[in-house]
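> Supplied in structure tokens, the structure appears directly below.
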Amino acid sequence: KKYLWNLLFNPLSAATDRSVGQILDDPYLREIAWMIGLETIEVATRLGYPLSEEDLQVAFQNAEYARTHTTSMLQDIRKGKVTEADELVGYLTEKAEVHKISINALQTVYLLLKNKENAI
């Protein structure tokens, strides 16, 4: 469930230069985070981890307590450092490929983030 939360907010915050609260308040970014969550749940379920949409709702509720939080990936980008995106997203990407599950929302955010890293 911690991994789910991190996938929802870390890459997206770094790619968009937004705090958790700003993601929650922006209907478009919130929708992207929700789509990433659904993708993550699909892969996790296939791997035998019983995540559900209820877990996704709880992750969003818990994010309300971290509204002012600047994620570690966003802090890295702001400091001109490379993030841990490869490690965080890489595992889910590998498992999604093995099981032929589309994770287009997460992949798009990941590619935007890598584009930012390349500019560093």
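> If each DSSP helix of 4+ residues adds -39,500 (n - 2.57) and the sum is divided by the residues in the chain, what number results at 222 nm, nearest 500 deg cm²/dmol? Can you show the working numbers first?
On the way: 7 runs with 88 residues, N = 120.
One gets -23000 deg cm²/dmol as the mean residue ellipticity at 222 nm.
> Sorted by accessible area with a 1.4 angstrom probe, largest first, how do V43, V58 fall?
On the way: V43 0, V58 60 Å².
Most to least solvent-accessible, the answer reads V58, V43.
> Taking 0.36 nm per residue of separation and subtracting the Cα-Cα distance, what length does fully extending Q75 through Y91 add? Show your work: numbers first, answer last.
Working: separation 16, 0.36 × 16 = 5.76 nm, distance 2.19 nm.
Stretched out fully, the Q75 to Y91 stretch lengthens by 3.6 nm.
> While we're on this one: Could you compute Rg(Cα) / (2.2 N^0.38 Å) for the chain, with N its residue count? Present the calculation step by step, with values, prior to reporting the outcome.
Working: Rg = 13.5 Å, N = 120, 2.2 N^0.38 = 13.6 Å.
Taking N as the residue count of the chain, the ratio is 0.99.
> Compare the peptides 82-88, 26-32, 107-113 by average per-residue count of other Cβ atoms within 10 angstrom and give them in order, highest first.
Details: 82-88: 16.7, 26-32: 14.0, 107-113: 18.9.
The peptides rank, most packed first, as 107-113, 82-88, 26-32.
> Measure up K81/K114; K81/K116; K1/K100 against 19 Å on the Cα-Cα distance and list the ones that go over.
Details: K81/K114 12 Å; K81/K116 10 Å; K1/K100 22 Å.
Going by Cα-Cα distance, K1/K100 fall outside the 19 Å limit.
> Shape verdict for the stretch 50-99, please, from the Cα gyration tensor: rounded (a/c under 1.5), prolate (a/b greater than b/c) or oblate.
On the way: a/c = 5.19, a/b = 1.08, b/c = 4.80.
Oblate, because a/c is 1.5 or more while a/b does not exceed b/c.
> Rounded to the nearest 0.05, what FRET efficiency do K1 and N118 give with R0 = 22 Å and r taken as the Cβ-Cβ distance? Could you check? Could the numbers behind the result be given before it?
Values: r = 32 Å, r/R0 = 1.43.
My answer for the efficiency is 0.10.
> Additional query: May I ask you to compute the full-extension gain from R46 to V98, defined as 0.36 nm times their residue separation minus their alpha-carbon distance, rounded to one decimal in nm? Present the calculation step by step, with values, prior to reporting the outcome.
Working: separation 52, 0.36 × 52 = 18.72 nm, distance 1.04 nm.
Difference between extended and current length: 17.7 nm.
> Let me ask another. Rounded to the nearest 0.05, what FRET efficiency do V82 and E31 have when you use their Cβ-Cβ distance and R0 = 22 Å?
On the way: r = 28 Å, r/R0 = 1.25.
Once rounded, the FRET efficiency stands at 0.20.
The values are calculated or read from the model by the stated rules, or taken from the named source; none is laboratory data. Remember, predicted model here, so these are calculated numbers, not experimental data. We place every Cβ from the backbone using ideal geometry, glycine too, and count neighbours over all the protein chains shown. Side chains included, ligands, DNA and RNA excluded: accessible areas come from the protein's heavy atoms. Shrake-Rupley method; radii C 1.70, N 1.55, O 1.52, S 1.80 Å.
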